[in-house]
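*Asks:* Below you will find the structure I want to go over with you.
The values are calculated or read from the model by the stated rules, or taken from the named source; none is laboratory data. The structure presented is a predicted model; accordingly, all values stated were derived computationally and were not measured. Reconstructed Cβ throughout: ideal geometry from the backbone, glycine too, with neighbour counts over all protein chains shown. Quick note on the areas: whole protein, heavy atoms, side chains included, nothing else; ligands and nucleic acids left out. Shrake-Rupley method; radii C 1.70, N 1.55, O 1.52, S 1.80 Å.
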Amino acid sequence: MNTAQDSTPPGEWYCPSCEKQFAVGDRCPNDGTRLVKLKVAIDPFIGRELDGRYTILEKLGQGGMGAVYRSSQHSVGRDCAIKVVSSNLVSEPDVIKRFLREAKLASRLAHPNAVAVLDFGQTDDGVFYLVMELVVGRTLDQVFKAERTFKPERVVRIGSQVCDALE
């Protein structure tokens, strides 16, 4: 006879002691054993070296054009951010041309309110990447979601910084 737990679809978390699956959790509700995640997506870029100069350490985010990773720049021993173009876009010449044009233009920018582009290129196996300074902190979107409203003076200050960078 099926219990309510047996009739629910299996989850991503598994208890190696009681051999049951759960949708969420850190510990098994039956015996307290630490649960293991069954569906772990392995990112092929984590730990990878790019052109012998950078090592990718962890994924920071994902966007429409690719993913951004925290990385280490070997020559100077500093952390940086590397944007990697998605493999499904590499076969689209217009996308790559736009990426390279934007990378070239962005690398010429030098302003305290804009992220510095340090390098860009393509690996021997066709991966296009853009190396930027790593900015630690919250995004404007995160701050807005946390605070919900900004005073007018703050909006003007943020807008002025954006305009200064674009100028």
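*Asks:* In segment 83-105, what residues are in a loop (DSSP other than H, G, I, E, B), exposed (fewer than 14 other Cβ atoms within 10 Å of the Cβ) and either charged (D, E, K, R) or touching a helix residue (DSSP H, G or I) at 6+ places or on another chain (Cβ under 9 Å) (or both)?
*Replies:* Listed by number, the list holds a single entry, E92.
*Asks:* Something else about it: Any residue in segment 37-44 that is in contact (Cβ under 8 Å) with a residue 24 or more places away in the chain and assigned to a strand (DSSP E or B)?
*Replies:* Yes, segment 37-44 contains at least one residue that is in contact (Cβ under 8 Å) with a residue 24 or more places away in the chain and assigned to a strand (DSSP E or B).
*Asks:* Need the failing condition index for R108 against (1) in a loop (DSSP other than H, G, I, E, B); (2) at pLDDT below 85, just the number.
*Replies:* Just one mismatch for R108, condition (2).
*Asks:* Exactly one of (1) free of Cβ contacts under 8 Å to residues at least 40 places away in the same chain; (2) open to solvent by less than 100 Å² (accessible area, probe 1.4 Å); (3) over 15 Å from G66 (Cβ atoms) is unmet by V162. Its number?
*Replies:* (1)
*Asks:* Pull up segment 26-60, narrow it to residues that are farther than 30 Å from M132 by Cβ, touching an Asp or Glu at 6+ places or on another chain (Cβ under 8 Å) and among the basic types (K, R), then point me to the one that is modelled with the lowest pLDDT.
*Replies:* The selected residue is K39.
*Asks:* Taking the condition of being open to solvent by 70 Å² or more (accessible area, probe 1.4 Å) and either part of a helix (DSSP H, G or I) or in contact (Cβ under 8 Å) with a residue 40 or more places away in the chain (or both), how many residues in segment 125-145 meet it?
*Replies:* The total comes to 7.
*Asks:* Where the second residue is at pLDDT 95 or above and not in a strand (DSSP E or B) and the first is acidic (D, E) and loosely packed, with under 10 Cβ neighbours inside 10 Å and lies in segment 60-76, which pairs have Cβ atoms under 9 Å and are six or more apart or on separate chains?
*Replies:* Close Cβ pairs (under 9 Å, with a partner that is at pLDDT 95 or above and not in a strand (DSSP E or B)) do not exist here.
*Asks:* Right, here's the next one. Could you count how many residues in segment 34-55 are open to solvent by 70 Å² or more (accessible area, probe 1.4 Å) and more than 11 Å from H74 (Cα to Cα)?
*Replies:* Of the residues in that region, 9 qualify.
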